[in-house]
Amino acid sequence: MRVHVELDHRPVVDTTLGRFRRWVGWNLVLAPGQAAELLVRVRLERDTPKAVYVGQLLDVTLGFKATVAPGSAAR
């Protein structure tokens, strides 16, 4: 599976689901109170046989890890 993420219509990452799960190098920084549009697409590789996915359901949990950047004031 592939994962594609955009923040305010700008690409952040396009990678495999396995690599995306490791959460390496794709930090999204927002100022306190800042709003942004987040788009996440998960798709199968083009050559995935139909027998792999036809009739299948998939539950996806999306979690966020937040930290306060050094030198910034938390609200």
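The values are calculated or read from the model by the stated rules, or taken from the named source; none is laboratory data. Predicted, not measured: the structure shown is a model, and the values here were computed from it. Please note: Cβ atoms are built from the backbone with ideal geometry, for glycine as well, and neighbour counts cover all protein chains shown. Areas reflect the complete protein model, heavy atoms only, side chains present, ligands, DNA and RNA absent. Shrake-Rupley method; radii C 1.70, N 1.55, O 1.52, S 1.80 Å.
Show that you can apply the helix-only estimate: for the chain, add -39,500 (n - 2.57) for every DSSP H stretch of four or more residues, divide by all residues, and state [θ] at 222 nm to the nearest 500. Here the helix-only value at 222 nm equals -2000 deg cm²/dmol.
Ligands, DNA and RNA left out, the accessible area of the chain computed with a 1.4 Å probe is 54% carbon and sulfur. Between the entries (i) 14.8; (ii) 14.2; (iii) 14.5, the label attached to Kirkwood radius over Cα pairs in Å calculated for this structure is (i).
For Val60, the shell of other residues with beta-carbons less than 15 Å away shows a net charge of +3, using +1 for Lys and Arg and -1 for Asp and Glu. On full extension, the segment bounded by Arg10 and Leu39 gains 9.5 nm, given 0.36 nm per residue less the C-alpha separation.
What number comes out for the charge environment of Leu39, summing +1 per Lys or Arg and -1 per Asp or Glu over other residues with Cβ under 13 Å away?
-1
Using the Cβ of His4 as centre and a radius below 13 Å, the other residues enclosed give a net charge of +2, where K and R count +1 and D and E count -1.
When Asp14, Asp47 are compared by accessible area of protein heavy atoms, the largest-first order is Asp47, Asp14, using a 1.4 Å probe.
Would you work out the relative contact order for the chain, in percent, from Cα pairs under 8 angstrom that are 6 or more residues apart?
33 percent
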